[in-house]
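Working notes, structure below.
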Amino acid sequence: MVAVTPMYNNFSGGEISPLVYGRVDLPFYQKGLLRCLNWVILTQGGLTARPGTQYIAPVKTENKITRLVPFQFSTTQAYVIETGDQYFRFYRNKGVIESSPGTPYEIASPYLEADLFNVQWTQSADVIYLTHPNYAPRKLTRTGHTSWTLTTISFVDGPYLNQNSTTTTLSLSGTTGTVTVTASSAVFSSDDVGRHIRIKHSSTWGWGTITGYTSGTQVTVSVGSAFGGTGAVTTWRLGLYKTNNYPGSVTFFGDRLYFAGAPSAPQRIDGSVTGDYENFRPTATDGTLADSDAVSFTLNSSDVDVIQWLSDNRRGLLIGTASSEWILRSNSLGEAITYKNVFAERTSTVGSQRIMAIRSNNTNLFIENGGRKVRETSYTYEDDGYQASDISLQSEHLFDSPVVDWAIQKKPHSTVWMCKQDGALVSMAYIPSQQIIGIVPHLIGGEDSAVKSVATIPSSTGDTYQVWMIVDRTIDGATHRYIEVLNDIYDTTILPEDAVFLDSALTYSGSSVTTITGLDHLEGETVGVLANGAAHPDKVVTSGSITLDWAVTKAQVGLNYVSDMQTLSLEGGATAGTSQGLKKNVCSMKVRFNKSNGVLVGGNEDNLYRVSFREWGDAMGEPIDLFTGDKEMLIDTGYNDNVYLFIRRDQPFPVTILAIMPRLKTSNSGVGREVG
């Protein structure tokens, strides 16, 4: 019999797949957990309980799909946009922006409910550019909290299809203003209204926008730049974009605005004139080319490879398609992209889901086609190229349902939040410089709760990032759809009575009361209560209120949830080789906590012991200080081939676990009755 006290002090591997339970040889086994529900992985390797969510408001139409879009004007001014069926609403500082008291500020949008999750965007200062293949690209401009304007982009001079190579001629009724363009054979259609046209007479190119359709051979054009003549010519080009044929992806790179993925040209990328983001002129009016002119490139793929996303990287413009990943760059190292040197090469052949990629420092993350794997695109000096590594491999069981939306929380701990098609929420600690990639499942409190969209923005101080969610809930037998915000990770700047570890929660602060009102959004639900920093018995919301057992001046009220962690089968104590398969027993365990309370421990969730944090002299019925230090608890797992340790946070308090030190006895003969 061998008795040892191993130390488990790094949980950054998150919850790992059952398929790797036998891989004790792998580094992430030493950092991984069998269960890791509702925890956040700290950069330092410990775990802290997921904070609760704060209720903000219901969405406008609770029976319709709704999505969140972030808008960051500056490091301290950021908004979340509720994008619904043909409307936008706006939020900031964890509140609704109102046009008048009680009336949310709202503007109209063209996007239908079914199209919301196919909208992509990029931002520059106070303008966000929005794309969808079936909608003309738009820009949303902010000039004040209640001053937002959504307009269709008026592109200048392009982008265009290739120059006409047929014998069809175009002639004009004039050179400026509004003119009639007549073709020698049918080239126009009714959905060309809004499309650009470029025509060359002699040495002069002019262009305009089609504003009216008469027939296949005649349209009306509003001239943007004067034509060089009116006679019939074969040198002309039609615009790339027209009705139901618009770009699906957009991003900034190298001081150009890039669009890609129009249905008729799914592999084509177009970049604007340098510094002039809505100008796509291919040449000057005299036909000369400048390095600053617009650029266009079509991926040289043998497949019809639809572009799914664009993402900037310091080495080039990364492109994700349905079957491959590419990089668009200059073919001369260190030079900016121009019409002369634009070049694209395939970097991998994985394929992407139509979800915008995430940029994190020098790496880019994307969701593999099918939605069930997270890939990291990173440059490697050894290969002088990019790899698309599967960084969700060790936790593949958490992606049984496809990812539909995601966002990165940059501070205080770099964490990617993902919501899946089935409504489950997953987080991934992502700090590649520290070799931390750990994936954790989250179960939002409440019956049949489901997270449908997620977005992150910096807080008003810029010290942290807020995680905003749309959560579907069954409340009092009816389905509701709420906007909620994940509260800040607990740290010493937060008073214990202000810590929120309840979901869809609201805070009361004021004079001493026993009745808490304003809880209509949780009508009929059993709620947890943190009363002046102390746990209070659960209550049921009736007519939007609860009555407490004692008076309070501050209360957090919301839906209960637990945070569970369970180690993998403990490894240690064998005189030779592995202890896996040998009979083992844990008779006690010591846990190193930081600012914690409300914890149960044991060998499994059916045999748990309450950890007492109350010290001699603490007054009964009063809140106690959060505990920092080591606590040793006697437990008995019995002798088994596989022995585990289990910790549960079941009360509305913060819990941070830094290390676990079990007293482990291993029988090298495998006979459990040996006495050590």
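The values are calculated or read from the model by the stated rules, or taken from the named source; none is laboratory data. Note that the structure is predicted; figures quoted are calculated from it, not measured. Virtual Cβ from ideal backbone geometry, glycine too; neighbours counted across all protein chains shown. Accessible surface is based on the protein model in full, side chains and every heavy atom, while ligands, DNA and RNA are left aside. Shrake-Rupley method; radii C 1.70, N 1.55, O 1.52, S 1.80 Å.
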Legend entry - Answer from T515, T542, T507 - the residue that is within 29 Å of the chain's Cα centre (by Cα), open to solvent by 50 Å² or more (accessible area, probe 1.4 Å) and modelled with pLDDT of 95 or more: T507
Inset, instruction - Quick one: which strands (runs of 3 or more DSSP E) lie wholly within segment 115-205 and hold at least 3 residues that are closer than 30 Å to F90 by Cβ, open to solvent by less than 50 Å² (accessible area, probe 1.4 Å) and aliphatic (A, V, I, L, M)? - result: 127-132
Legend entry - Residue pairs meeting the criteria (Cβ under 8 Å; at least 6 apart or on separate chains; first more than 23 Å from T507 (Cα to Cα), in segment 51-69; second open to solvent by 50 Å² or more (accessible area, probe 1.4 Å) and assigned to a loop (DSSP other than H, G, I, E, B)): T66/K60
Inset, instruction - Taking S272 as the residue in question, decide whether it is closer than 30 Å to L68 by Cβ, without any contact (Cβ under 8 Å) to a residue 24 or more places away in the chain and either β-branched (V, I, T) or open to solvent by less than 30 Å² (accessible area, probe 1.4 Å) (or both). - result: yes
Legend entry - When residues of segment 1-37 are limited to those that are among the aromatic types (F, W, Y) and at pLDDT 85 or above, the one most open to solvent (accessible area, probe 1.4 Å): Y21
Legend entry - Residues of segment 74-88 satisfying the condition of being open to solvent by less than 60 Å² (accessible area, probe 1.4 Å), at pLDDT 95 or above and outside any strand (DSSP E or B): D85
Inset, instruction - Could you list all residues from segment 429-441 that are assigned to a strand (DSSP E or B) and either open to solvent by 40 Å² or more (accessible area, probe 1.4 Å) or in contact with a strand residue (DSSP E or B) (Cβ under 7 Å, 6 or more places away or on another chain) (or both)? - result: A429, Y430, I436, I437, G438, I439, V440, P441
Inset, instruction - Give the residue that is modelled with the highest pLDDT, with candidates limited to residues of segment 405-429 that are charged (D, E, K, R) and under 15 Å from Q466 (Cα atoms). - result: K410
Legend entry - Selection status of S504, within 21 Å of E447 (Cβ to Cβ), assigned to a strand (DSSP E or B) and of a type in the set (S, T, N, Q): yes
Inset, instruction - For segment 89-109, indicate whether the set of residues that are at pLDDT 95 or above, under 30 Å from I647 (Cβ atoms), open to solvent by less than 20 Å² (accessible area, probe 1.4 Å) and of a type outside the set (D, E) is non-empty. - result: no
Inset, instruction - Would you confirm whether any residue within segment 74-82 is among the acidic types (D, E) and either touching a Cys at 6+ places or on another chain (Cβ under 9 Å) or closer than 21 Å to W417 by Cα (or both)? - result: yes
Legend entry - Check on W236, under 41 Å from the mean Cα position of the chain (by Cα) and not aliphatic (A, V, I, L, M): no
Inset, instruction - Any residue in segment 432-448 that's closer than 12 Å to V40 by Cβ and among the acidic types (D, E): show its pairings with residues that are open to solvent by less than 10 Å² (accessible area, probe 1.4 Å) and at pLDDT below 95 at Cβ separation under 6 Å, as long as the two are six or more apart or on different chains. - result: none
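Return yes or no: is I457 over 28 Å from I81 (Cα atoms), under 27 Å from the mean Cα position of the chain (by Cα) and in contact (Cβ under 8 Å) with a residue 12 or more places away in the chain?
Numbers: over 28 Å from I81 (Cα atoms): no; under 27 Å from the mean Cα position of the chain (by Cα): yes; in contact (Cβ under 8 Å) with a residue 12 or more places away in the chain: yes.
Here the answer is no, as I457 does not meet what is asked.
With the requirement that a residue be in contact (Cβ under 8 Å) with a residue 60 or more places away in the chain, out of contact with any helix residue (DSSP H, G or I) (no Cβ under 8 Å at 6 or more places or on another chain) and either open to solvent by less than 30 Å² (accessible area, probe 1.4 Å) or not in a loop (DSSP other than H, G, I, E, B) (or both), what does segment 477-489 give you?
Within segment 477-489, T479, R481, I483, E484, V485, L486, N487, I489 qualify.
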Legend entry - All strands (runs of 3 or more DSSP E) inside segment 340-399 with 2 or more residues being crowded, with 16+ Cβ neighbours inside 10 Å, at pLDDT 95 or above and at negative phi: 363-367, 374-380
Inset, instruction - Select from segment 447-476 the residues that are assigned to a loop (DSSP other than H, G, I, E, B) and either within 19 Å of V562 (Cα to Cα) or at pLDDT 95 or above (or both) and list them in ascending order. - result: E447, D448, S449
Inset, instruction - Hand me the list of strands (runs of 3 or more DSSP E) wholly inside segment 515-588 holding 3 or more residues that are in contact with a Phe, Trp or Tyr (Cβ under 9 Å, 6 or more places away or on another chain), among the β-branched types (V, I, T) and in contact (Cβ under 8 Å) with a residue 40 or more places away in the chain. - result: 546-559
Inset, instruction - Considering (1) out of contact with any helix residue (DSSP H, G or I) (no Cβ under 9 Å at 6 or more places or on another chain); (2) in contact (Cβ under 8 Å) with a residue 40 or more places away in the chain, say which one D25 fails and leave the rest. - result: (2)
Legend entry - Scope segment 321-341; condition touching a residue at least 40 places away in the same chain (Cβ under 8 Å) and farther than 26 Å from E376 by Cβ; matching residues: A336, T338, Y339, K340
Inset, instruction - Could you identify the single residue in N607, N594 that is open to solvent by 10 Å² or more (accessible area, probe 1.4 Å) and farther than 30 Å from E447 by Cβ? - result: N594
Legend entry - For D498: the one exception among (1) open to solvent by less than 40 Å² (accessible area, probe 1.4 Å); (2) farther than 19 Å from G423 by Cα: (1)
Legend entry - Test result for I444, surrounded by 24 or more Cβ atoms within 10 Å (Cβ to Cβ) and part of a loop (DSSP other than H, G, I, E, B): yes
Legend entry - Total residues in segment 400-421, condition in contact with a strand residue (DSSP E or B) (Cβ under 6 Å, 6 or more places away or on another chain) and assigned to a loop (DSSP other than H, G, I, E, B): 5
